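Before any comments, here is the structure.
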Amino acid sequence: MIRRFHDAKTRRDSSVTVWGTGTPRREFLHVDDLADAVLYLLQNYNDEPIVNVGWGEDLTIRELAETVMSAIGYSGALTFDHSKPDGTPRKLLDVSRLHSLGWRPRISLRAGIEGTYAWFKDHAADARL
């Protein structure tokens, strides 16, 4: 999604289309938080029950797209292609066990997108993959 909005901004496209209705809900976790959680669990957890690693909050695909648009500085329109599938209505982990062990993520979605976009501009924006 970052590349799609970056390309639209660069080309000065008037809109970006996202598949589906924008209503499905998804949970996102920055990879650095995932690595931190795994290390934390390796050092502090030795029990049998499974521990879900996640943020514990979700947002709609529309909210995600709007956050990416804002972080990138794209000012065109956001449209949704309702002929494309939405997928599962909601994907959210129960992270209560992880929280009870004392771990919480530190990198917000907005900060993660901004950091990833900065990296993208420095390393991959002009690469033709």
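A few notes on this one:
- Applying both filters, DSSP loop and at most 14 other Cβ atoms within 10 Å, to the trypsin sites (Lys or Arg not before Pro) of region 64-129 gives ARG106, ARG128.
- Across region 105-119, rounded Karplus estimates of 3J(HN,Hα) from the backbone phi angles (6.51 cos²θ - 1.76 cosθ + 1.60, θ = phi - 60°) give x, 10, 9, 5, 4, 4, 5, x, 5, 4, x, 5, 5, 4, 4 Hz, Gly and Pro being marked x.
- Check: region 71-129 dipole with +1 on Lys, Arg Cβ and -1 on Asp, Glu Cβ, in debye: 260 debye
- Signed unit charges on C-beta, dipole axis of region 64-129, positive-most listed residue HIS123, LEU109, SER96: SER96
- Take LEU39: with every protein chain present and a 1.4 Å probe, its accessible area is about 90 Å².
- Ligands, DNA and RNA are left out, and with a 1.4 angstrom probe the accessible area of the chain is 64 Å² per residue.
- Heavy-atom accessible area order for ARG104, ARG3, largest first, 1.4 Å probe: ARG104, ARG3
- Dipole check for the chain: with +1 at the C-beta of Lys and Arg, -1 at the C-beta of Asp and Glu, and the Cα centre as origin, the magnitude is about 480 Debye.
- Each principal axis of the chain carries a Cα extent, and these read 52, 34, 24 Å when sorted largest first.
- Binning the C-alpha pair distances of region 53-129 at 5 Å intervals from 0 yields a P(r) profile of 3, 12, 16, 17, 18, 18, 10, 5, 2 %, listed from the shortest bin outward.
- Computed from the C-beta positions of GLU66 and LEU34 and an R0 of 25 Å, the FRET efficiency is 0.55 to the nearest 0.05.
The values are calculated or read from the model by the stated rules, or taken from the named source; none is laboratory data. Predicted, not measured: the structure shown is a model, and the values here were computed from it. So basically every Cβ, Gly included, is an ideal-geometry build from the backbone, and we count neighbours across all protein chains shown. Accessible surface is based on the protein model in full, side chains and every heavy atom, while ligands, DNA and RNA are left aside. Shrake-Rupley method; radii C 1.70, N 1.55, O 1.52, S 1.80 Å.
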